[in-house]
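Beneath this line is the structure, given in structure tokens, with notes to follow.
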Amino acid sequence: IGVLGSGDFARSLAIRLVCSGFKVVVGSRNPKRKAGLFPSAAEVTFQADAVKKTDVIFVAVFREHYSTLCDLADVMAGKVLVDVSNNTEINHHKESNAEYLASLFPACTVVKGFNVISAWTLQSGARDGNKQVLICSNNQEAKRTVAEIAQVMGFTPVDMGCISSASEIENIPLRLLPAWKIPIFLGLGLFLCFFTYNLIRQVIHPYIREQKNKLYKIPIEVVNTTLPCVSYVMLSLVYLPGVLAACLQLYYGTKYRRFPDWLDQWLQHRKQIGLLSFFCAALHAVYSLCLPMRRSHRYQLIEMAVKQAAEKKMNIWVEEEVWRMEIYISVGIIALGLLSLLAITSLPSIANSLNWREFSFIQSTLGFIALVISTLHTLTYGWSRAFDENQYKFYLPPTYTLTLLVPCTVILAKVIFNLPCIRQRLLRIRRGWEKGRYVKFVLPSATGEYSSGETSSNV
């Protein structure tokens, strides 16, 4: 295998090829100076010599340096050139790098591939990075050759079609979290809404009504009150689209009708929404552990102790509050543990080790249990506070009561869908049954002849 170039990617590529058992010839303009950068098993020589000795050549140079290879056009005729380059911006050029390389060397066969693999992944092996290698070319035999090389190197080749797909492949490494934009904006929107709501209740209300400065609560207390609200609502939003999809299937009586685009996008982003829910829950746990470490908390304890001594109270133990806090924290720990399990199993390396039934059980069944336990965590926190008029500041209800709306709707819908009559109908629809579908039947007539007709499958 030939490698043209001496940069980081070329070195990592040569190392991986050598480790995979290939004989590697590296072409460089300064072979003596670059020889020490490559493994000893690789031959480092001039570019022309490297091209002559190999039939498959990885072109590991930048697009702007393609013209420096034009002197080798005659020697490269009939060779397979693998373009591994990327751009600095999405759709930076009218034509892809692979198409531009093909135009410079019309006598060669150009294959686009390995550009979505990082130099670190090449050095550490496919087990520590993305295993997919996207390949496209107009020549099926050349694609097959490059795919076999990728398989020997430990990667999974994916045929992306003709060379016209090279632009799409080259844009993939330049996209910044394309599947995370909607979930992140959703999470930020919920955070700002709940943060503003809590700010009004915990800071602005005491300042207006009692002239007390509570600004110190903003960095930790207000944020810590906001995080569980965001986490709880986003966890319910993971399972709400499934409920809506089931309602549509029951309403139309078929599984073959396309969902609306917004619902389809929602279903596709459930994994990212769930991971953000876990992230907010983990931050909530850390913030809660840090609450007693604050200086303000210490001052409040001292003030409470002084007040108790002044009133000569020997015991302020409240059995109901003790039990409420014990149950509240215990249920919260269980919910966080289940969310951790959901987050871990969503990782590709873990998910690939599970069969479909195991993955579905963890993500669906245990996920719903996590939502139920989170609801118990919220209800235990509220206990009887929802009926305390002092909790309604500016006539605004406590924040946790607002968060219960969506999760309780999801739980109620799940319970309804598990009723035998609805569950059986939904199961039939998902197995292909359709409402209003007509089937042919054949009945004998009075004369003994058979006549055909149609009736609804409902009958």
Query - Per-region count, segment 24-56, residues farther than 15 Å from Lys79 by Cβ and among the hydrophobic types (A, V, I, L, M, F, W, C) - result: 9
Query raised in the report: So which residues in segment 371-422 are assigned to a helix (DSSP H, G or I), under 24 Å from Gln202 (Cα atoms) and among the small types (Gly, Ala, Ser)?
Result: Ser374, Gly382, Ala386
Report summary line: Result of the Cβ filter at 6 Å on segment 47-73, keeping first residues that are surrounded by 18 or more Cβ atoms within 10 Å (Cβ to Cβ) and partners that are basic (Lys, Arg), at least 6 apart or interchain, is Ile57/Lys79
Report summary line: Scanning segment 159-183 for residues that are in a helix (DSSP H, G or I), open to solvent by less than 70 Å² (accessible area, probe 1.4 Å) and not hydroxyl-bearing (Ser, Thr, Tyr) gives Ile163, Ala166, Ile169, Glu170, Asn171, Ile172, Pro173, Leu174, Pro183
Query raised in the report: So is Thr156 surrounded by fewer than 15 Cβ atoms within 10 Å (Cβ to Cβ), among the hydroxyl-bearing types (Ser, Thr, Tyr) and out of contact with any Asp or Glu (no Cβ under 7 Å at 6 or more places or on another chain) or not?
Result: yes
Report task. Determine the pairs where a residue that is charged (D, E, K, R), located within segment 184-203, has a partner that is assigned to a helix (DSSP H, G or I) with Cβ atoms under 8 Å apart, the partner being 6 or more residues away or on another chain. Result -> Arg201/Thr399
Report task. Answer yes if at least one residue in segment 385-404 is assigned by the TED database to the domain that holds Ala245, exposed (fewer than 14 other Cβ atoms within 10 Å of the Cβ) and either touching a Phe, Trp or Tyr at 6+ places or on another chain (Cβ under 7 Å) or β-branched (Val, Ile, Thr) (or both), and no otherwise. Result -> no
Report summary line: Here the qualifying pairs (Cβ atoms under 9 Å; residues six or more apart or on different chains; first in segment 359-381 and over 19 Å from Val415 (Cβ atoms); second among the charged types (D, E, K, R) and open to solvent by 50 Å² or more (accessible area, probe 1.4 Å)) come out as Gln363/Arg270; Gln363/Lys271
Report summary line: When restricted to Ile1, Ile15, the only residue open to solvent by 20 Å² or more (accessible area, probe 1.4 Å), touching a Ser or Thr at 6+ places or on another chain (Cβ under 8 Å) and in contact (Cβ under 8 Å) with a residue 12 or more places away in the chain is Ile1
Query raised in the report: Can you list the helices (runs of 4 or more DSSP H) found entirely within segment 236-327 that contain at least 2 residues being outside the structural domain of Leu188 (by the TED database) and open to solvent by less than 40 Å² (accessible area, probe 1.4 Å)?
Result: none
Requested in this report: Kindly indicate which of Leu301, Leu336, Leu289 is aliphatic (A, V, I, L, M), in contact (Cβ under 8 Å) with a residue 40 or more places away in the chain and under 29 Å from Phe194 (Cβ atoms).
Outcome: Leu336
Query raised in the report: Before we move on, is Trp356 touching a helix residue (DSSP H, G or I) at 6+ places or on another chain (Cβ under 7 Å) and either outside the structural domain of Thr225 (by the TED database) or open to solvent by 50 Å² or more (accessible area, probe 1.4 Å) (or both)?
Result: no
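The values are calculated or read from the model by the stated rules, or taken from the named source; none is laboratory data. Just so it is clear, the model here is predicted, and its values are computed rather than measured. As a convention, Cβ positions derive from the backbone with ideal geometry for all residues, glycine included, and neighbour counts pool all protein chains shown. Surface accessibility is based on the protein's heavy atoms, side chains included, excluding ligands, DNA and RNA. Shrake-Rupley method; radii C 1.70, N 1.55, O 1.52, S 1.80 Å.
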